[in-house]
1. Scan the range 475-490 for residues that are modelled with pLDDT of 95 or more and either touching a strand residue (DSSP E or B) at 6+ places or on another chain (Cβ under 9 Å) or surrounded by fewer than 20 Cβ atoms within 10 Å (Cβ to Cβ) (or both) and jot them down.
2. Here is a check on your reading of the model: is residue 25 over 31 Å from the mean Cα position of the chain (by Cα), farther than 26 Å from residue 187 by Cβ, at pLDDT 90 or above and buried (at least 19 other Cβ atoms within 10 Å of the Cβ)?
3. Scan the range 434-471 for residues that are in a loop (DSSP other than H, G, I, E, B), touching a helix residue (DSSP H, G or I) at 6+ places or on another chain (Cβ under 7 Å) and crowded, with 17+ Cβ neighbours inside 10 Å and report the count.
4. Going by the structure shown, is residue 120 free of Cβ contacts under 8 Å to residues at least 60 places away in the same chain and at negative phi?
5. Being within 19 Å of residue 44 (Cβ to Cβ), in contact with a helix residue (DSSP H, G or I) (Cβ under 7 Å, 6 or more places away or on another chain), assigned by TED's automatic domain parsing to the domain that holds residue 459 and assigned to a helix (DSSP H, G or I), is that true of even one residue in the range 381-395?
6. Checking residue 496 against (1) modelled with pLDDT of 95 or more; (2) surrounded by fewer than 23 Cβ atoms within 10 Å (Cβ to Cβ): exactly one of these is not met. Which one?
7. Scanning the range 222-247 for residues that are surrounded by 13 or more Cβ atoms within 10 Å (Cβ to Cβ) and not in a strand (DSSP E or B), which turns out nearest to the chain's Cα centre (by Cα)?
8. In the set 381, 422, which member is surrounded by fewer than 17 Cβ atoms within 10 Å (Cβ to Cβ) and in contact with a strand residue (DSSP E or B) (Cβ under 8 Å, 6 or more places away or on another chain)?
């Protein structure tokens, strides 16, 4: 992409002058500049293509139409709030105690025979049955609950996004939930006599009268990158209330209606049998990851492909000189070294190249994400698609984080090129390390690669957190990243620092031996 121009500067020249020389060399090469512009165009075009083609519709009691805005919890997160609730009003302080003596359910599995529903007995890992205190029955309002789950033991959860583990029980278990002002405490017991605290939470602003009772719910069975129907049925006995002594009320909170507007879709229910209450419910009380709307990071779905051109530029910025001869030495294509002042130290020259290529890659990434994220989200909203709630801080982290990832990947590629000195090999290595794992993870394959390869840095674009108490498909399309945003970026930066550092050490040793 560029012809080699020998330096006519002393080794004693300052690093700033070296940077200016490398920057001049870069911007003078039209091929490199056009390649970065093409990288921006590829990512932006693919992101806007996704945004422009997205049309989300929902079937409600009023027929098919635009989907409603996502339900939002107390902290602004998109949430799911669907369950069957057998409850009583509690005024002031009090408690509820009950034993979950049995927990069963139904799971929709892939159809063995096309068109024939395959529903089996069983519970999904995050099926929930237990005791619940809520500010009100209005969806999205503050709550606290202690529960037995399908495969995660006893848990205490509150306000949708918070989860605290109890004991690893999966058999009959006693539970207790107490209220003292704004403070809710959950307990568990194996025998109803010796109690262990699971957790204590404070629900600020809890009204004097709340709803307290028994609930059951179950998220869908996860298969084929989708969630299918599942229900949980729990048998409660040994029920005791303090502070509430009214009659039981029954509510299928959040149940959706069929297209006729009157028939509940997968309704829950309760059956009284002596001193037992058998409660059946479906849905979930927790964060909405996939169901909460389209995510901002989907606008950067073409980022891996656009990054290929950035890696090519970074590699050729180094190897264009190696084709003419080793950095800092004469070659038949250059004037004899005796006729020119000494060139900069190879290690310093490599460091200057890294600064320049990292800076231009950061700017390219910033332009890319700074355009495609806000414009793509605006297009989604204009087409009446539900959007996952996004704070300004998170949006800025996605935009600037993608730029930082682009810069780190470019420095990594430059370091590899300085080590192997062959453009084709260095480009292949860089793509294999950064791009290929991301593409595989997007397809739901080998997501573990995002733990150990430089592609981990794509986690910085994650706009919806991965919650430990919500099962999601292992695909980037569904928002799954195995590492938190900053941890993922740190992995990429670590690889870049290692590659550049090793390359600088190697060049120093070669210069010392020359």
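The values are calculated or read from the model by the stated rules, or taken from the named source; none is laboratory data. Keep in mind that what you see is a predicted model, and the values were worked out from it rather than measured. Cβ placement follows ideal geometry from the backbone for every residue including glycine, while neighbour counts extend to all protein chains displayed.
1. Passing the criteria: 486, 487, 490.
2. yes
3. 4
4. The answer is yes for residue 120.
5. Among the residues of the range 381-395, at least one is within 19 Å of residue 44 (Cβ to Cβ), in contact with a helix residue (DSSP H, G or I) (Cβ under 7 Å, 6 or more places away or on another chain), assigned by TED's automatic domain parsing to the domain that holds residue 459 and assigned to a helix (DSSP H, G or I), which makes the answer yes.
6. (2)
7. Step by step, filter the range 222-247, then rank; the result is 225.
8. Values: 422 fails: in contact with a strand residue (DSSP E or B) (Cβ under 8 Å, 6 or more places away or on another chain).
It is 381.
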